[in-house]
Amino acid sequence: MTPGAAPRGPRSLAALRRFATAPPAPVADERCELCAVDLSAQHQHVVDLDSRSLLCTCRPCWLLFPEGAQQRFRAVPERHLSFPGFALTLPQWEALEIPVGLAFFLVNSRLERLVALYPGPAGATESELPLGAWDDVVAANPQLAQLRPDVEAVFVRADGTGPAQCWLVPVDRCYELVGRLRRVWRGFDGGSDARAELAEFTTDVAARSRPAVPAEERR
């Protein structure tokens, strides 16, 4: 899907509506969007780089699009990484010009640029980052450079309640959180229900994550 825009096509819309329900209930007519086989409630996704849409797939189809393959579709990986030593100063966060205390950062390979998505009452809002602002964050946190274009996102929570937190997550989790928050959002800041959804999501991401390997150890 185009970051910040509504997904195209009824099946993509249905997929996002399912993301907004946690835990998802089985859907009898759920089918792989590539081969039409029946799907379970928990299944994989691939990104269509041409349409910027997120497609629901069975595992055999998902395995057809490994990392690094130069194809129209890219499999969304399942890894979750944490960055225990993540460093983000208030001036660095303010330089990103994100008006709320959390955002997802992802690379659009077709446009060759990094964009930020943050949730709100209308869904996901896309923000083009000021030149060099994200580079300063990566320079202070070199592990972030392992972000895979199109299929992964860096999730940053910097709401002022404590030190900024950061995880690397599959890109479909961005839209899962946006859908969950949009469903319960009230008022200007989302309200107590939105805060509860965010806390539950963050706890789940943290539980699934393993610490990222420092950049110098990956060489």
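Evaluating GLU128 against the criteria (1) open to solvent by less than 60 Å² (accessible area, probe 1.4 Å); (2) touching a strand residue (DSSP E or B) at 6+ places or on another chain (Cβ under 9 Å) leaves one unmet condition, (1). Taken over region 159-181, the criterion of being surrounded by 12 or more Cβ atoms within 10 Å (Cβ to Cβ) and of a type in the set (S, T, N, Q) is satisfied by GLN165 alone. Where helices (runs of 4 or more DSSP H) sit wholly within region 29-143, those with at least 1 residues that are under 23 Å from CYS166 (Cβ atoms) and within 19 Å of the chain's Cα centre (by Cα) occupy 90-95, 133-140. Only one of the numbered conditions (1) of a type outside the set (Val, Ile, Thr); (2) within 23 Å of ARG72 (Cβ to Cβ); (3) open to solvent by less than 40 Å² (accessible area, probe 1.4 Å) is violated by ARG110, and that is (3).
Here ALA206, ALA153 are screened, and the one residue that is in contact (Cβ under 8 Å) with a residue 40 or more places away in the chain, in contact with a Cys (Cβ under 8 Å, 6 or more places away or on another chain) and either closer than 24 Å to ALA75 by Cα or in a helix (DSSP H, G or I) (or both) is ALA153. Among residues of region 182-219 being surrounded by 12 or more Cβ atoms within 10 Å (Cβ to Cβ) and of a type in the set (Ser, Thr, Tyr), the one that is modelled with the lowest pLDDT is THR202.
The values are calculated or read from the model by the stated rules, or taken from the named source; none is laboratory data. Just so you know, these numbers come straight off a predicted model, no measurement behind them. All Cβ positions, even for glycine, are placed from backbone atoms using ideal geometry, and neighbour counts span all protein chains on display. Side chains are part of the model used for accessible areas, which takes the heavy atoms of the whole protein and leaves out ligands, DNA and RNA. Shrake-Rupley method; radii C 1.70, N 1.55, O 1.52, S 1.80 Å.
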